[in-house]
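The values are calculated or read from the model by the stated rules, or taken from the named source; none is laboratory data. Just so it is clear, the model here is predicted, and its values are computed rather than measured. Cβ sites come from the backbone with ideal geometry, for glycine too, and all protein chains shown count toward neighbours. The area values use the complete protein model at the heavy-atom level, side chains included, leaving out ligands, DNA and RNA. Shrake-Rupley method; radii C 1.70, N 1.55, O 1.52, S 1.80 Å.
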Amino acid sequence: MKDPRYQQLAEQIVGYSVHVEPGEHVNIRATGIPEAMVVELIRAIRAHGGHPHVELSQSLITRELLRGATEEQYELESRYRMQRAEDMDVHISFYADDNTFETADVPADRMKIVNKAFAPVSNFVCNKRKWTVLAWPTPSMAQAAGMSTEAFEDFYFRCCLADYGKLKAAMMKLKAMMESTDKVHIVGPGTDLTFSIKGIKAIPCAGECNVPDGEVYTAPVRDSINGTLTYNAPSIYNGIPFDGVSFRFENGKIVEAHCNGDESKLNALLDTDEGARYIGEFALGVNPFVLQPMRDILFDEKIAGSFHFTPGQCYEEAPNGNDSSIHWDLVCIQRAECGGGEIYFDDVLIRKDGVFIDPELADLNPAV
């Protein structure tokens with residue numbers, strides 16, 4: 001029997017997130033997604049007058065390609081993907097992670113080739129087309145979240161089908177606060193960080209580009225960052241796990257980096273290019289239903305009471321001039337049970353232990 005939530009999710013994606021209009025060509029890039037869900041997306045796109053196109057892939061096949069990546073191979077692949085990106089009006093990327101660490105044994109030099117080749121395509125889609133990205137609930141994701149498969153599926157659909165219109169009203173208030181701010185000061189365990197966000201737009205994300213969603217992002221003035229920052233959410237990048245990451249900044253640059261694990265891999269990632277040691281995004285996570293990290297950044301960066309501070313590429317909508325082939329969202333949760341912390345805008349306390357002080361932002365506080 002078909003789960004009715006498949007159809008509801010397809011309509012949420014097509015009708016709300018990317019708002020498909022008649023005549024638009026819509027690319028579905030699906031990795032390991034149940035056929036029934038892809039079929040519902042196709043039907044929803046047609047119902048809105050769009051033209052569906054589908055790319056299917058599998059993580060094991062992708063891993064094998066990455067392990068032998070060559071510049072010639074991915075230069076051609078990049079051109080192919082860029083042509084498809086340009087031809088499509090809308091992009092839906094839908095993936096299922098059966099093994100979060102599937103690409104952990106891909107050599108770093110091979111992954112660098114792929115990241116460099118695909119960065120222009122990713123930037124084009126993000127900045128020039130309507131798009132959304134979402135994950136599919138799998139047993140491995142449930143395991144990472146410390147939940148049963150059934151309970152995680154219920155959590156997943158509750159987050160994805162949330163009333164993002166209600167959240168957006170509070171997000172707009174936060175957006176205005178951020179855009180009127182110069183100096184940001186963040187303190188917490190292992191963290192004492194200052195930087196400016198003056199003159200850079202703040203963008204509320206309420207289910208349009210990510211599902212689930214719930215963040216308001218901007219970017220720091222590139223050279224304004226000074227101090228120390230310790231992240232407490234586990235992370236994964238290019239299939240490699242990183243825990244306990246900490247940075248020391250001088251005039252915007254990461255001059256010292258540590259983690260609980262192989263620091264050579266951490267520093268190799270930060271040495272991908274010049275921009276990898278500078279920050280391209282600062283965002284506050286505000287989805288009240290997402291509370292625990294699970295090594296899936298699509299969820300983790302939305303955690304209520306968190307912020308992420310991202311080495312690498314900035315977004316065109318909130319630019320600070322930083323250019324890089326990486327964009328690594330690293331998350332710090334500041335709720336009391338995670339160690340607490342405070343965020344100040346121009347020396348005014350805005351959020352304490354993950355809870356916004358202003359009652360007009362109450363809808364963005366953790367659900368209780």
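Residue by residue through the stretch 331-368, note down the ones that are within 21 Å of residue 164 (Cα to Cα), surrounded by fewer than 16 Cβ atoms within 10 Å (Cβ to Cβ) and not aliphatic (A, V, I, L, M). The answer is 358, 359, 360. Screening 189, 204 for residues that are open to solvent by less than 30 Å² (accessible area, probe 1.4 Å) and at pLDDT 95 or above leaves exactly one candidate, 204. Only strands (runs of 3 or more DSSP E) whose full extent lies in the stretch 1-110 are considered here, and the ones with at least 1 residues that are open to solvent by 40 Å² or more (accessible area, probe 1.4 Å) and aliphatic (A, V, I, L, M) are 51-57.
Has the stretch 214-233 got any residue that is modelled with pLDDT under 95 and over 21 Å from residue 361 (Cβ atoms)? No, the stretch 214-233 contains no residue that is modelled with pLDDT under 95 and over 21 Å from residue 361 (Cβ atoms). Pairing residues of the stretch 48-66 that are within 15 Å of residue 77 (Cα to Cα) with residues that are in a strand (DSSP E or B), at Cβ distances under 8 Å and at least 6 apart in sequence or on separate chains, gives 55/27; 55/28; 55/29; 55/30; 57/29; 57/30; 57/31; 62/31.
The C-beta contact set for the stretch 124-141 (first residue surrounded by fewer than 17 Cβ atoms within 10 Å (Cβ to Cβ), second residue of a type outside the set (A, V, I, L, M) and not in a helix (DSSP H, G or I), distance under 6 angstrom, 6+ apart or interchain) comprises 127/316; 129/91.
A Cβ distance below 6 Å, combined with a sequence gap of six or more or placement on separate chains, defines the contacts here; from the stretch 198-210, residues that are closer than 16 Å to residue 174 by Cβ and of a type in the set (Gly, Ala, Ser) reach residues that are modelled with pLDDT of 95 or more and open to solvent by less than 50 Å² (accessible area, probe 1.4 Å) in the pairs 202/175; 202/178; 202/216; 202/218; 206/171. Flag not set for residue 6, criterion: of a type in the set (Ser, Thr, Tyr) and free of Cβ contacts under 8 Å to residues at least 24 places away in the same chain. Checking each residue in the stretch 332-349 for being among the hydrophobic types (A, V, I, L, M, F, W, C), more than 25 Å from residue 235 (Cβ to Cβ) and touching a residue at least 24 places away in the same chain (Cβ under 8 Å) picks out only 345. Total residues in the stretch 216-234 satisfying the condition of being open to solvent by less than 10 Å² (accessible area, probe 1.4 Å) and assigned to a strand (DSSP E or B): the figure is 3.
Comparison of 280, 199 shows that the only residue that is among the small types (Gly, Ala, Ser), farther than 25 Å from residue 146 by Cβ and open to solvent by 10 Å² or more (accessible area, probe 1.4 Å) is 199. Consider the stretch 142-176 and keep the residues that are open to solvent by 60 Å² or more (accessible area, probe 1.4 Å) and touching a strand residue (DSSP E or B) at 6+ places or on another chain (Cβ under 7 Å). The one that is modelled with the lowest pLDDT is 168.
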